[in-house]
Structure formats: C-alpha cells, structure tokens
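Written below as structure tokens is the structure these notes are about.
The values are calculated or read from the model by the stated rules, or taken from the named source; none is laboratory data. Computed from a prediction, not measured in an experiment: that's the story for all the values here. Neighbour counts run over all protein chains shown; Cβ positions are idealised from the backbone, glycine included.
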Amino acid sequence: MRTWIHLLLVLLQVALALAADPSHLVQGLPGQPEVGFKQYAGQVEINATAGRALFYWFYEADHPNASSLPLVLWLNGGPGCSSIGAGALGETGPFRTNDSGTGLVRNPYSWNQAANLIFLEVPYNTGFSYTNLYSDGGFYTDNQTAIDSLLFLLEFLTKFPEYRQNDFFITGESFAGHFIPTLASQILSHNEQNGSRINLKGFAIGNPSTDNDDYDAPGNIEFLYSHSVISEELYQEYKTYCGRGRNDDEALARCGNASSQIFALTGYIDRYNIYAPTCNLLSGPDDEACLDSVTPYLNRQDVQVALHVETRPVRWRLCNPDIDRSYLPLDKQRSMLPVYQSLFKSDLRIWIYSGDLDSIVSTLSTRSWIKALNLTIVTPWYAWNYTNQVGGWTEVYSEMTFATVRGSGHQPPVDKPGQALTLFQHFIEGKTLPSF
C-alpha cells in the first residue's frame, strides 16, 4: 500500500511540475462571458539588466483535445501596434469588446477553435510591454525584435512546459512580415545550437510588408490605379519619377508632388480596405467606423489587474507612434526575399495570404515579390471554396502557398472572419484549400 501511495505522490508531483504557471491565470475578467478554456496573461521579463518585459495573452484551445493541438504565436505589425488590441480583441482571439467597451462578447470565428493561441506585444514599449533602460528607446530593429521574441518563447515554454512538444507555428500580419521570417530564422539558429528545441513547423502571414522599395510601394500604387482611385496620368507620373534610379532634383520634386496628390485622393477612403466604411474628417464621433471600444476596455484598472499588468495604471495605446518613428530606416526598407530564400531550405510550411481590397500592402505587391522568387508551381491558380462561394484564389508552390481572401482588406479576420478561420485551419492541418 505504501508503495502505491508513494507512486501516486510522485505522479502528482510530476503532474504539478508539468502544469502551467498558475500565477498568470486570468480569472474574473470584467464583463467576460463564461468559457470552457483557460487563459493566462502577464508581463514576462526577458532582460533583467534592462528591466525589459513583454506582455502576452494566452488562450488555451477551445477544444476537447486542447493539449494535443498546435501552439500558435500571433504578432501584429505597425511597427508598434498591439497584438492583444488588434489581434486578440479585434481579429482572431475568442473575445471581442462590446460596443461600449464595458465588457466582452464571444467571437464565433476564434482561431483558438483550432489551436492554442499566444498574442505577444512586440517590440518593447508596445502596449503593456516595457523597458526601464532609457537607451533602449533609440532604434528598434528586426533582429532585436526577433531576439526578444525568442527569449520570450523560451521563458513561456518554461512556464508552460506541457506545450514543449506541440507543433509550433507563427502567424500575424502587416509589418509582422518582417518580424515573423526574422523570428523563424532565429528559432532555427537556436535549435541548431542548443539542446532545447522549439518545435517550429511553419508560419503564415497576412498582407505582409516584405520589400517596400521594389515591390510593396509600386504594387500599392498600381492597385490604386487599377481600382480607379487615381488617374492614369498620375499613375504614370509616379512610375516615371518615383522608381529606382531617379534621384535627381526634378525626379524628387515631381515624385513628391505625385505622392502628395495620391495622398489627397485617398484621404477620404480607408486605405486598409478601400470599399469599407471609413472614419475620416467628415465623420462624426458616433460614426460606427470611428468607434473604438478596445482602448477604453484595456485602460480600465480592474481589467489591468485581471491581466496581471504591473505598475498600474498603465496608459495602453493600440499603436505607439514613437516606435514607428524610431524603427531603423534600413530595416523598414529591408527586403525579406533573401530571408525567404534561406528559410525555403528548412522545409517549413509557409503560407502567405492577402485580402484583395488592401492598398497598404496590396495583393499586387505580394504577387510581384512571389513572382520574383521564381518558385515551382505544384497546383496552378484556382478559386477556393468557402460554403459554395469563392473564398478567394490560391496557388500552391513547392516552397510555399499563396492565397487571397476575396472581399477583404488588410485584416481578413475582421472583414471575412469565416474565410480567415477556414484558411487558418487548412494551414494548421497542412491541407490545400478546397476547390469547387
């Protein structure tokens, strides 16, 4: 009998050792509906010398077999925009804020139906992430953001050791087109050099900032022209004087003038979705497109207490413009194509998806840099099926998959949440999107 009791005690100790860190368990989140999954949040110190900590919000999968499902990290872009404000509460998480910002409602299209989701605020000084070292506020870089994210992941897997063996994926959008491939490279290097491995299987990025000078910016202008937002004359002026190789005084002046006209013509539309209702100078404060319920919710002290935010109250902002201004210019213009070429050698599952009404990082921009990679086509371009309607179009290459989300802008989970969830599920499962 004593032998069995001893064995049970040992098994209990092992189980407790493999359990998630209870100190960050989220309980009593104001205005939250009842759910059957656990969630954790808090600031994780990644650099004691700098007093640097990153804030995360982790939702276990809403699924009977949650522990066996993949672990997925979501990153928003900006740079300097919050992954919990935009990603978790605005796009792919299990909750949305209600219209008044006083509580939460369920998101029926949450991605935690298919995976365990981590939302991480990077770089530091984004959202609830912070640093106490003044010199950290100099220049932010792709590499530093990737190193910090890797340090967070290693600490997260120490706090939540039950997920160490799960398949791990990274997802996100926009300027995370820089963050994610760079982080993937850092993880692969870490795995080669250390005994402890992160079980990285791949990544998916929506409307990714990839190569601004050669592909992103020219593609965006072509998109505006092809959708009748700017005139042909203005389009030709931009192409003639704003391209590479023209840096004389006349070109600089005429490019500046063309850019100013384009900015004026897009001033009363939402460039993130050119056909969506827009919040602009003509809109009143009660216009639906102008409402922001996330900011007041995350600035409530009782919400910050529930999320284990230290040094409360903290002034939370959706985006920190200081990070955008302080991001290393060379990194902002950096081409990610060489990084992709290197990552293709690692047999990762890579999906790129694109809302086709976005003029910030347009589908034309993305298709142009994918074409430049000269990939091997496995399944030619076809329409993919979402509830017997065209969800978008897709092409499968030996190195990666590209898919559009029809009728969506910069944030497909906002504009077309059902289609975005279907795309995510197929990505996670390694299945091609369904055809007709």
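Computed values, structure above
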| quantity | calculated |
| --- | --- |
| Filter result (of a type in the set (A, V, I, L, M, F, W, C) and surrounded by fewer than 12 Cβ atoms within 10 Å (Cβ to Cβ)) within the range 249-279 | Ala253, Phe263, Ala264 |
| From Leu348, Leu307, Leu357, Leu328, residue being at pLDDT 95 or above, surrounded by 13 or more Cβ atoms within 10 Å (Cβ to Cβ), over 19 Å from the mean Cα position of the chain (by Cα) and of a type in the set (A, V, I, L, M, F, W, C) | Leu307 |
| Residue list for the range 61-81, filter: part of a loop (DSSP other than H, G, I, E, B) and among the hydrophobic types (A, V, I, L, M, F, W, C) | Ala61, Leu69 |
| Residue count, the range 347-387 (criterion: farther than 15 Å from Leu224 by Cα and of a type in the set (S, T, N, Q)) | 7 |
| Contacts under 9 angstrom Cβ, first residue in the range 334-359 being more than 24 Å from Ser408 (Cα to Cα), partner part of a loop (DSSP other than H, G, I, E, B) and at pLDDT below 95, 6 or more apart | Arg334/Leu328 |
| Which listed residue, of Ile274, Ile221, Ile230, is modelled with pLDDT of 95 or more, part of a helix (DSSP H, G or I) and β-branched (Val, Ile, Thr) | Ile221 |
| Number of positions in the range 140-183 that are in contact with a helix residue (DSSP H, G or I) (Cβ under 6 Å, 6 or more places away or on another chain) and either part of a helix (DSSP H, G or I) or surrounded by fewer than 24 Cβ atoms within 10 Å (Cβ to Cβ) (or both) | 12 |
| Residue list for the range 106-126, restricted to those being part of a strand (DSSP E or B) and under 14 Å from Phe168 (Cα atoms) | Asn116, Leu117, Ile118, Phe119 |
